[in-house]
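Each remark here refers to the structure printed beneath this line.
The values are calculated or read from the model by the stated rules, or taken from the named source; none is laboratory data. Source: prediction; values computed, not measured. Glycine also receives a Cβ, built like all others from the backbone with ideal geometry; neighbour counts cover every protein chain displayed.
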Amino acid sequence: MMHAATKLLSACVMALVFMSNSASAQPRPDQGELRGLKLGLNAATMSTDKWGEFACGSNGGPPRQRIFDWSEFAKCRAEDNDLHEVYARFDDENDYVGRATDDPVTLGRVGTRVAGHPIVLSVLFDRDGILRGLRFVSDPRGDPAARRMAHLLRLAIINRYEPSGWTCVDTPLAAGETSVGGIFLKQRCEKLTAERYLMVEARLLRKPGQNDIDPATGEYTQGQFESWTRFELFDPAVVKPAGK
């Protein structure tokens, strides 16, 4: 009797171990590229939960014509690649409260951000309403400190999609351009996989006429520099790297 009980207990333990291993071996749920957004989704069935302020996009710039939700993508003029760009923001109640009360602490922690950087986000659909691309650009409306760090967003993106396999090209400073604090960056990186075409471009420099010291007053200037990151992710069947 004792032997039978021991065998039963052993079998139960083995079953629990198997169940535990099976659970741990299960792949994590696909959360998409950003808040559930991913290639192949259909605009007609995409949730608007946690999203707001829908509008037609402007190639990563400020919003244009307001629209009701993702499904109205066709109201936005198609780009040269025949894709329709829809601008959207993270729908964050704390963000609205922070902006309404002008609370710098709240505003510094919420909003449409990636890796802590404020961004302008847009989603690109083909004529059938299938999501074929994502685009975001560091938001130039940030304070000088946030803007100065904007070029670092490229590192978070490259690490997010595995550092290996990227092809990067660095361009030297042009006439009249200078470094910022001894550092300058003009870089474009691309990566092509079976699932995605990825492009990230970043800048950190002073353009001609921009100075860290005001030549008239001798005082330090604020915001006289260019620092940004631009990221695009597309279905490789739609967009491919230049020269491919």
ask   = If you go through the range 31-41 one residue at a time, do you hit one that is modelled with pLDDT under 95 and over 18 Å from the mean Cα position of the chain (by Cα)?
value = no
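Listed here are the residues, each with its yes/no results for (1) at pLDDT below 95; (2) farther than 21 Å from Lys38 by Cα; (3) in the same structural domain as Gly133 (by TED's automatic domain parsing).
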residue	(1), (2), (3)
Ile157	no, no, no
Gly181	yes, yes, no
Leu185	no, yes, no
Lys207	yes, yes, no
Asn211	yes, yes, no
Pro215	yes, yes, no
Thr221	yes, yes, no
Count of residues meeting criterion [surrounded by 20 or more Cβ atoms within 10 Å (Cβ to Cβ) and either more than 19 Å from the chain's Cα centre (by Cα) or of a type in the set (Lys, Arg) (or both)] in the range 115-173 = 4
task = Consider only pairs whose beta carbons are under 8 Å apart and that are at least six residues apart or on different chains; among these, list those whose first residue lies in the range 74-101 and is in a helix (DSSP H, G or I) and whose second residue is at pLDDT below 90 and among the basic types (Lys, Arg).
result = Asn94/Arg109
query = If Thr45 satisfies every condition in (1) surrounded by 13 or more Cβ atoms within 10 Å (Cβ to Cβ); (2) at pLDDT 95 or above but one, which is the exception?
reply = (1)
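Out of all the residues in the range 118-125, is one or more farther than 25 Å from Asn81 by Cα, outside any helix (DSSP H, G or I), touching a strand residue (DSSP E or B) at 6+ places or on another chain (Cβ under 6 Å) and not aliphatic (A, V, I, L, M)?
no
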